[in-house]
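Everything below concerns the one structure shown next.
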Amino acid sequence: MRVMVLGGVGAVASETTKDLLYNSIFNELVIADKDLVKAEHLVQELKQNCLKKYIPPDYRCEANRPDFYQKNISAVYINTSEVEQLVSFFRDMDVIACGLPHEYDLLVTEAAVKAGVNALDLSFADEQMHFDKQAKAKGITYIPGVGATPGITNVMARRGIELMDIAETIDIYFAAFRCLAPSPGLIETTFWEFDPAVKNRVYYQDNEFISVPP
């Protein structure tokens with residue numbers, strides 16, 4: 001199986017890349033980034049670990065796979081705003097893991113749907129839901145918001161239901177601590193979360209949307 005990590009050398013997605021290497025069943029990882037030099041440095045670091053069959057302490061867990069060193073790791077340059085160019089990159093992949101800033105949400109979603117490739121996205125935009133019918137028609141799954149809610153919570157809820165005989169309700173409690181690191185995306189997200197002027201910060205209960213204060 002092949003996975004492509006978009007923005008794979010970024011602060012968050014580089015951790016995704018390493019976790020996939022040490023703990024997943026993918027036998028090929030493609031790191032896609034506009035900083036090809038940095039991506040190639042990461043590839044060399046991970047290849048060395050593979051050759052030595054070495055898993056850094058921070059990534060050692062029960063999920064570690066003994067065959068991780070057999071994986072093929074490569075880097076590819078991607079810096080485009082053209083959907084069709086992304087589609088050409090995506091077609092040969094089994095999964096796309098997107099760690100790009102939120103302004104790329106719709107571009108990556110559209111490209112993944114057109115390519116017919118399963119994908120997940122660190123961030124979330126309401127407009128991504130407009131691709132639901134097309135994704136279902138292609139038989140793919142696209143999960144946005146895997147950084148927190150709605151992506152991770154929905155996956156956890158689905159897994160919980162699979163383990164139960166009957167599920168009557170699902171309660172999701174969301175809280176987050178935001179370390180204000182020098183990241184434009186994180187600062188923008190924090191402003192959005194605490195801006196009282198945001199109109200769509202709501203939850204749905206008893207057939208109505210209820211506004212949530214900061």
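The figures follow:
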{"quantity": "Checking Gly8 against (1) closer than 20 Å to Gly99 by Cβ; (2) free of Cβ contacts under 8 Å to residues at least 60 places away in the same chain, the condition it does not meet", "calculated": "(2)"}
{"quantity": "Residues satisfying the stated conditions in the range 1-21, i.e. at pLDDT 90 or above and more than 19 Å from Ala111 (Cβ to Cβ)", "calculated": "Met1, Val9, Ser14, Glu15, Thr17, Lys18, Asp19, Leu20, Leu21"}
{"quantity": "Yes/no for Ala97 being part of a helix (DSSP H, G or I) and either among the small types (Gly, Ala, Ser) or modelled with pLDDT of 95 or more (or both)", "calculated": "no"}
{"quantity": "Residue list for the range 25-44, filter: among the polar types (S, T, N, Q) and touching a residue at least 24 places away in the same chain (Cβ under 8 Å)", "calculated": "Asn27"}
{"quantity": "Qualifying positions in the range 33-90 - under 18 Å from Leu6 (Cβ atoms) and assigned to a loop (DSSP other than H, G, I, E, B)", "calculated": "Lys34, Asp35, Ile78, Asn79, Thr80, Ser81, Glu82"}
{"quantity": "Among residues of the range 133-155, those that are free of Cβ contacts under 8 Å to residues at least 60 places away in the same chain and farther than 23 Å from Thr169 by Cβ, counted", "calculated": "12"}
{"quantity": "Yes/no for Ile166 being assigned to a helix (DSSP H, G or I), over 28 Å from Asn27 (Cα atoms) and either modelled with pLDDT of 80 or more or not basic (Lys, Arg) (or both)", "calculated": "no"}
{"quantity": "Residues (over 18 Å from Glu15 (Cα atoms) and among the β-branched types (Val, Ile, Thr)) located in the range 41-81", "calculated": "Ile78, Thr80"}
{"quantity": "Residues located in the range 186-214, provided they are over 17 Å from Phe124 (Cβ atoms), touching a Phe, Trp or Tyr at 6+ places or on another chain (Cβ under 9 Å) and either assigned to a loop (DSSP other than H, G, I, E, B) or at pLDDT below 70 (or both)", "calculated": "Pro214"}
{"quantity": "Residue satisfying all of: in the range 104-122; outside any helix (DSSP H, G or I) and under 12 Å from the mean Cα position of the chain (by Cα); nearest to Glu15 (Cα to Cα) among these", "calculated": "Leu122"}
{"quantity": "Residue within the range 136-153 that is modelled with pLDDT of 90 or more, assigned by TED's automatic domain parsing to the domain that holds Thr17, in a helix (DSSP H, G or I) and not charged (D, E, K, R) present", "calculated": "yes"}
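The values are calculated or read from the model by the stated rules, or taken from the named source; none is laboratory data. Bear in mind the structure is a predicted one, so any value in this text is a computation, not a measurement. Note that each Cβ is placed from the backbone with ideal geometry, even for glycine, and that neighbours are counted across all protein chains shown.
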